[in-house]
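For reference, the structure discussed in these notes is given below.
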């Protein structure tokens with residue numbers, strides 16, 4: 001994994017910049033906190049849309065009515081199963097890096113997007129770990145209601161509003177690397 005992520009992060013490094021760590025979020029289909037609300041809603045939406053569409057087709061309703069329900073069925077199917085695969089696909093195309101100067105997040109969903117955060121100007125860093133050692137590191141204020149955003153429309157499912165390293169296997173280790181890098185980086189004084 002080091003070689004894959006290193007080659008993507010390397011393109012972003014300045015000549016004096018040193019890469020301290022690189023990695024990716026956990027892979028695969030994952031249930032997250034907000035899913036306990038989204039799953040019942042998606043089943044009701046999708047179930048009703050499919051039921052409605054089947055009843056319209058069976059009743060030989062006009063073609064317009066038969067076509068009308070298709071977008072609702074597609075949205076329902078996306079909410080029931082598709083969003084999990086889109087989330088896994090996005091995480092597979094995301095790379096994280098920590099240098100002696102900044103945090104780098106590269107995502108390649110439809111186009112390549114690079115987010116760069118200066119270590120010394122980060123307002124706060126939140127470390128959220130689990131008993132298995134995995135966890136999330138959030139850079140900036142944590143949105144307490146971010147888990148409600150589970151649809152995958154707009155922001156990624158459960159993604160905090162602030163940039164973050166999601167679902168890291170060794171989150172504590174990465175958190176300590178970031179803390180050490182912040183201590184070594186000289187403070188930037190605000191402009192007068």
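Every number in this text was worked out from the coordinates using simple rules, so none of it is lab data. Everything numeric in this text was worked out from a predicted model, so none of it was measured. Ideal geometry is used to build each Cβ from the backbone, glycine not excepted, and the neighbour counts take in all protein chains shown.
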What distance in nm lies between label points placed 7 Å from Cα along the C-beta direction at residue 43 and residue 56? 2.5 nm
Would you kindly work out the equivalent ellipsoid of the range 1-152 from its C-alpha gyration tensor and give its semi-axes, the square roots of five times the eigenvalues, largest first in whole Å? 41, 18, 13
Could the peptides 108-115, 96-103, 46-53 be put in order, highest first, of the mean number of other beta-carbon atoms found within 10 Å of their residues? 96-103, 46-53, 108-115
Give me Rg/Rg_expected for the range 35-87, where Rg uses Cα atoms only and Rg_expected = 2.2 N^0.38 Å with N residues. 1.24
Just check the range 91-132 against the gyration tensor rule for me: Cα atoms, a ≥ b ≥ c as the square roots of the eigenvalues, rounded for a/c under 1.5, and otherwise prolate or oblate depending on whether a/b exceeds b/c. oblate
Once the Cα atoms of the range 1-89 are picked out, what are the Rg and Dmax in Å? 21.8, 70
Extending each Cα 7 Å along its Cβ direction at residue 14 and residue 65, get the distance between those two points in nm, one decimal. 6.6 nm
